[in-house]
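See structure below.
The values are calculated or read from the model by the stated rules, or taken from the named source; none is laboratory data. Here the structure is a predicted model, which is why all the values come from computation and not from measurement. All Cβ positions, glycine included, derive from the backbone under ideal geometry; neighbour counts span all protein chains shown. Side chains are part of the model used for accessible areas, which takes the heavy atoms of the whole protein and leaves out ligands, DNA and RNA. Shrake-Rupley method; radii C 1.70, N 1.55, O 1.52, S 1.80 Å.
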Amino acid sequence: MRPSQQMRDLGVVQVGAPGLDEPARPFALPDELHTADTVVGRLLDAMERIRRAHDFSGKGLGVAAPQIGIPRSAAVIQPPGADPIVLLNPRIIVASEETDEKFEGCLSFFDVRGLVSRPLRITVETTTLEGQAVTAIYERGIARLVHHEVDHLDGVLYTARMRAGVAPIPVEEYRQTGRAWAYEQ
């Protein structure tokens, strides 16, 4: 079974489906506290299904609500060996000029990997369930994961961040590059 078919069977929306390339609708918090909490619960359930089906050890995993058919601004990131990070209405407010280029994959087109340049440090503003704005700074691998999921919520796929003229490569070819990306502190 192709990796993308496996993800589709797990309830992950695949590239080309309506909504994946559209900005997600923010939550009005705290008024939509229960709705946001329900969406986060569904994201955590989806993440658990995905983790049972695919080995992400040493790598991070993230799922954005549009990837499970919910057009709302929520994502969950699971760094290796750490508690999940919940992002509600996230927006990147500062990005370092220093970047690196690494291969990324996406659950919504899991048959390929692409080289993507991302900032090594980002500051992200999110909203708590109680409606408070909070900021957090993420670096290196976690910054890459968070940026990727924020992009999903903005309707941007990682292929839009690849250098011009560079295309994603099949996952089988990627495995042969020896450049498999793993979470870096």
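Structure notes:
- Residue tally, condition acidic (Asp, Glu) and under 14 Å from ARG91 (Cβ atoms), over segment 115-134: 1
- Within segment 1-57, the residues that satisfy the criterion of being crowded, with 18+ Cβ neighbours inside 10 Å, aliphatic (A, V, I, L, M) and closer than 19 Å to VAL86 by Cβ are VAL12, ALA24, LEU29, ALA36, VAL39, VAL40, LEU43, ALA46, MET47, ILE50.
- Residue in segment 127-139 that is under 29 Å from PRO18 (Cβ atoms), charged (D, E, K, R) and at pLDDT 90 or above present: no
- Segment 8-52, residues that are touching a strand residue (DSSP E or B) at 6+ places or on another chain (Cβ under 8 Å), closer than 12 Å to PRO71 by Cα and small (Gly, Ala, Ser): ALA24, ALA36
- Tabulated pairs, segment 83-98, first among the polar types (S, T, N, Q), second open to solvent by 40 Å² or more (accessible area, probe 1.4 Å), C-beta under 9 angstrom, 6+ apart or interchain: ASN89/PRO26; ASN89/GLU125; ASN89/ALA133; SER96/ARG121; SER96/GLU139
- Segment 1-30, subset of a type in the set (D, E, K, R) and in contact (Cβ under 8 Å) with a residue 40 or more places away in the chain, residue farthest from GLY105 (Cα to Cα): ARG25
- Put simply, of GLU130, GLU125 the only residue that is under 24 Å from GLU32 (Cα atoms), open to solvent by 20 Å² or more (accessible area, probe 1.4 Å) and assigned to a loop (DSSP other than H, G, I, E, B) is GLU130.
- Residues in segment 49-72 that are closer than 21 Å to GLY141 by Cα and of a type in the set (D, E, K, R): 3 in all.
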